[in-house]
1. Modelled label-to-label distance, Asp69 and Glu47, 7 Å Cα→beta-carbon offset: nm?
2. Is the C-alpha gyration tensor of the stretch 41-80 telling us rounded, prolate or oblate? Criteria: a/c under 1.5 is rounded; beyond that, a/b larger than b/c is prolate, otherwise oblate.
3. Where in the stretch 38-80 does the label zone of Thr31 land, with the point 7 angstrom along Cα→C-beta and an amide N cut-off under 11 Å?
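Any read-out appearing in this document is the output of simple, stated calculations on the displayed coordinates, not a laboratory observation. Here the structure is a predicted model, which is why all the values come from computation and not from measurement. So basically every Cβ, Gly included, is an ideal-geometry build from the backbone, and we count neighbours across all protein chains shown.
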Amino acid sequence: MRIFGYEIAISRSKPRAPDLPPPPHWVPTHTHKKGGAYRHLYNGILEVDRSAVVIYDDRDGRVWVRPHDEFHDGRFSPLT
């Protein structure tokens, strides 16, 4: 599967960022309270319990998934 120019493979091994620079169009949408810039990609649903999640990435191409409520509880601030 390709997402924003990256080939994404589902694996049970430890995730590793691709050895590629971020695409030139990568623009962060949020910052974390402890630092770091992130781009909100999608809202999703966790299959196991049907809970809402947020899917986002960082400048290095790592893709993260966090519960929706946790993403919106003040840990992340939107950039406007």
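1. 2.4
2. oblate
3. Only 38, 77-80 pass the distance filter.
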